[in-house]
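Participant: The structure is given below, and queries will be raised subsequently.
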């Protein structure tokens, strides 16, 4: 556990939400996915707030993406072993934090978080933004749901553990925060928002540039605590992580058509990344590997995270190019494109049956017989089923075997 003398940091992942104050029921866990203008203003109003019963504690609040924000409490005798205030479903009672053990630290932390939650609502209800939203018939953001409370832990840097110099594109702040905790540089990618409006091409270009930096100007990376970017490693990186959030959002919103269109856009972005990396590999200075996977499933019928195994695919870039055809890869347009959103009023559901693939329509090129990127198809793959903790080991062994 990482601790300062007598001080702990308690970070939480949080949602701006709508509370019915007369009943204590959370009407909507997401006040509004399109909260890019209001969110930073409300976070600024909350940042540095004081807790009347706990004046020795410091509170910091930063806007993340969509309806999300991050809340950090700094002070003595804090524990991560408490429950959150998020009921996890709409139309359920707003919860109070409870200690999950009998320690004085857990009991004290639960009391701090409950007062924090109360004071946040007191500040939010008086904000002019909420009065304006109420007049416009929109959900007001009068509560912040606090979940995932925890103490920062000490972990070895990614580079130390895996021997690879890492970078990542992750506009979603919780993912970026995990990366920073592991010493991973966060790349600047203009137009990458972490939501439906994100520019996938910008993400692909940022990763490709970082992985071939000696041939170009160094990439720019985020500076923690200063909210600005600086010049990254001049010699570039040899591991890049590109995170895409919007597909998960479509699953939460039960938006079938939007999820399908989003996946098609991701497929196009992978093609752009392959072209950019292949151009660098053809120079003779690099050899690249591609890996595509996810952290969890979010079925549109369920509208939330579920426990199914996720597909995992890995190959050498040269094998990918050989399978697709170099001409097809090099002809991939590099124009910027946003995710293809639906029109206002368009039905997001899709009752049509999925199209069946004719025998012989797809062909496996190497490794095993899998030729589709789906959960069911991947279950037949040669890697079998493995826990996420083994993923980096598999990636490194694959790279070593192909380099030997």
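Participant: Let me check the size of the stretch 8-147 from its C-alpha atoms; what are the radius of gyration and Dmax in Å?
Facilitator: Answer for the stretch 8-147, Rg first and Dmax second: 14.4, 47 Å.
Participant: Could I ask something else about it? What is the chain's relative contact order, in percent, from Cα pairs under 8 angstrom and six or more apart in sequence?
Facilitator: Values: 711 pairs, mean separation 48.1, N = 404.
Relative contact order, the chain: 12 percent.
Participant: In Å, what Kirkwood hydrodynamic radius results for the stretch 117-240 from the alpha-carbon pair distances?
Facilitator: Details: mean 1/r = 0.0586 Å⁻¹.
Hydrodynamic radius (Kirkwood, Cα pairs) of the stretch 117-240 is 17.1 Å.
Participant: What FRET efficiency do you get for residue 123 and residue 385 if R0 is 60 Å and r is their Cβ-Cβ distance, rounded to the nearest 0.05? Numbers along the way, then the final one.
Facilitator: Details: r = 47 Å, r/R0 = 0.79.
Efficiency, rounded to the nearest 0.05: 0.80.
Participant: Ok, one more. Give me the number: length gained by fully extending residue 371 to residue 90, i.e. 0.36 nm times residue separation minus the C-alpha to C-alpha distance, one decimal in nm.
Facilitator: Numbers: separation 281, 0.36 × 281 = 101.16 nm, distance 3.94 nm.
So the extension gain works out to 97.2 nm.
Participant: Next up: Which whole-number percentage describes the relative contact order of the stretch 124-232, with Cα contacts under 8 Å and a sequence gap of 6 or more? List each step's numbers first, then the result.
Facilitator: Details: 122 pairs, mean separation 17.7, N = 109.
Once divided by the residue count of the stretch 124-232, the mean separation gives 16 percent.
Participant: Also, quick follow-up: Could you give the alpha-carbon Rg of the stretch 158-403 over 2.2 N^0.38 Å, rounded to two decimals?
Facilitator: On the way: Rg = 18.3 Å, N = 246, 2.2 N^0.38 = 17.8 Å.
Computed over Cα atoms of the stretch 158-403, the ratio equals 1.03.
Participant: Given a Förster distance of 25 angstrom, what is the FRET efficiency for residue 296 paired with residue 60, based on the Cβ-Cβ distance and rounded to 0.05?
Facilitator: Values: r = 28 Å, r/R0 = 1.13.
Efficiency, rounded to the nearest 0.05: 0.30.
Participant: Moving on. Would you calculate the separation in nanometres between label points at residue 331 and residue 104, each defined as 7 Å from the Cα along the Cα-to-beta-carbon direction?
Facilitator: 7.3
Participant: Here's another thing I want to ask about it. Compute the distance in nm between two label points, each set 7 Å from the Cα along the Cα-to-Cβ direction, one at residue 263 and one at residue 217.
Facilitator: 3.9
Participant: Going highest first, how would you order 332-339, 170-177 by mean Cβ packing within 10 Å? Kindly include the intermediate steps, with their values, before the conclusion.
Facilitator: Values: 332-339: 14.4, 170-177: 20.5.
Top to bottom by mean Cβ count within 10 Å: 170-177, 332-339.
Participant: Going by the alpha-carbon gyration tensor, a ≥ b ≥ c the square roots of its eigenvalues, is the stretch 180-290 rounded (a/c under 1.5) or, if a/c is not under 1.5, prolate (a/b greater than b/c) versus oblate? Could the numbers behind the result be given before it?
Facilitator: Details: a/c = 2.55, a/b = 1.36, b/c = 1.87.
It comes out oblate by the Cα gyration axes.
Participant: Same structure again: Within 10 Å, count the other beta carbons around each residue, average over each peptide in 322-331, 114-123, and list them highest first. Mind dumping the intermediate values first?
Facilitator: Details: 322-331: 13.0, 114-123: 17.5.
The peptides rank, most packed first, as 114-123, 322-331.
Participant: What is the stretch 45-170's relative contact order, in percent, from Cα pairs under 8 angstrom and six or more apart in sequence? Could the numbers behind the result be given before it?
Facilitator: On the way: 155 pairs, mean separation 25.4, N = 126.
RCO, the stretch 45-170: 20 percent.
Throughout, read-outs are computed from the coordinates displayed, never taken from laboratory work. It should be emphasised that the depicted structure is a prediction, and the values quoted were computed from it without experimental measurement. Here the Cβ is made from the backbone with ideal geometry for all residues, glycine too, and neighbour counts use every protein chain on show.
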